[in-house]
1. Is it the case that region 132-140 has a residue that's surrounded by 12 or more Cβ atoms within 10 Å (Cβ to Cβ) and among the β-branched types (Val, Ile, Thr)?
2. If I filter region 212-221 for residues that are closer than 20 Å to VAL107 by Cα and not assigned by TED's automatic domain parsing to the domain that holds SER106, do I get at least one hit?
3. Kindly indicate the residue of region 11-26 that is assigned to a helix (DSSP H, G or I) and in contact with a helix residue (DSSP H, G or I) (Cβ under 7 Å, 6 or more places away or on another chain) and also farthest from ILE64 (Cα to Cα) among those meeting that condition.
4. Which residues, taken from region 192-211, are of a type in the set (Asp, Glu) and either buried (at least 18 other Cβ atoms within 10 Å of the Cβ) or without any contact (Cβ under 8 Å) to a residue 60 or more places away in the chain (or both)?
5. Within region 23-31, is even one residue in contact (Cβ under 8 Å) with a residue 24 or more places away in the chain, surrounded by 15 or more Cβ atoms within 10 Å (Cβ to Cβ) and more than 18 Å from the chain's Cα centre (by Cα)?
6. Could you list, in sequence order, all residues of region 164-191 that are surrounded by fewer than 18 Cβ atoms within 10 Å (Cβ to Cβ), modelled with pLDDT of 85 or more and either touching a strand residue (DSSP E or B) at 6+ places or on another chain (Cβ under 6 Å) or of a type in the set (Lys, Arg) (or both)?
Amino acid sequence: MKKITENIQVNEIYCDYNSKMKVSQIFLVMQQFAEKGANKLGMSRESMIKKHQTFVLSRMTLQINELPKLYETLEITTWPKKEIKLFYIRDFLFKKQENIIMSASSVWAIIDLKTRKIIRQQASIHPIDEKKADEALTYMPPRIKMPEQTEKIGQVIATYSMTDPNGHINNIRYIEWVYDYLPREVIEFDSPYTIDINYINEVYYKDKISIEMGKQDNKTIFCGKVNDKICFMVQIRYN
């Protein structure tokens, strides 16, 4: 199964003014653990770059039962769950004192760094008996649909500090941008909720990103556009 389990302490750099872990930092930690998982599979960033390849996120879902607090210790486990055509599914569990407080699932693809196109692998990366595979979530991260009625709520300019070694804006920034526009009562919301994100097109240094928002049933949905091209979508679902 090639599981990785490690403990981390929630320190000041992870937290917001509520002394709770920022959701963007949770996504960052998951990316870091996913990279450790890739290393364990013999697909380190360094070895892939030599082949002009890299992993990129396509979709992710994070189910939050309780946000970690400052100085708490978290046990984080990640593992590859299955492969679906061109995509690789990786799950995550977050425990506090043996209790599951967050669960997540992510969908990844491998792209060619020159063409930026998805690569089909010749063989399976991690053969898995899906009947025996553990599941953090019992469903796939969904495809998000924008409501018919939306409004522009802001604009962000992609700056140097937002860039990463893959040549684009690091995708945790999308979560940060969304939370910058959330009302305070939503940020301080204590009941369980779920966040879905779809990564659609890359955002680059100096891009101007228009942030739009719409609501549908129990969902608040955001999208980021560059020149009317949707680059990402974020959906917050209240359980």
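1. No, region 132-140 contains no residue that is surrounded by 12 or more Cβ atoms within 10 Å (Cβ to Cβ) and among the β-branched types (Val, Ile, Thr).
2. So in region 212-221, the residues closer than 20 Å to VAL107 by Cα come out as 221.
Right, trim to not assigned by TED's automatic domain parsing to the domain that holds SER106 and you get 221.
Within region 212-221 (the criterion being closer than 20 Å to VAL107 by Cα and not assigned by TED's automatic domain parsing to the domain that holds SER106), the answer is yes, since at least one residue qualifies.
3. First, the residues of region 11-26 that are assigned to a helix (DSSP H, G or I): 12-14, 23-26.
Retained after the next criterion (residues that are in contact with a helix residue (DSSP H, G or I) (Cβ under 7 Å, 6 or more places away or on another chain)): 14, 23-25.
Numbers: TYR14: 16, VAL23: 9, SER24: 13, GLN25: 13 Å.
Ranking the qualifying residues of region 11-26, first place goes to TYR14.
4. The first filter runs over region 192-211 and keeps only residues of a type in the set (Asp, Glu), leaving 196, 202, 207.
ASP196, ASP207 - these are the residues of region 192-211 that are of a type in the set (Asp, Glu) and either buried (at least 18 other Cβ atoms within 10 Å of the Cβ) or without any contact (Cβ under 8 Å) to a residue 60 or more places away in the chain (or both).
5. Scanning region 23-31, I find no residue that is in contact (Cβ under 8 Å) with a residue 24 or more places away in the chain, surrounded by 15 or more Cβ atoms within 10 Å (Cβ to Cβ) and more than 18 Å from the chain's Cα centre (by Cα), so the answer is no.
6. Hits for region 164-191 are TYR181, ARG184.
The values are calculated or read from the model by the stated rules, or taken from the named source; none is laboratory data. What you are looking at is a predicted structure, and each value in this text was computed from that prediction instead of being measured. Heads up, the Cβs are rebuilt from the backbone with ideal geometry, glycines too, and the neighbour counts pull from every protein chain shown.
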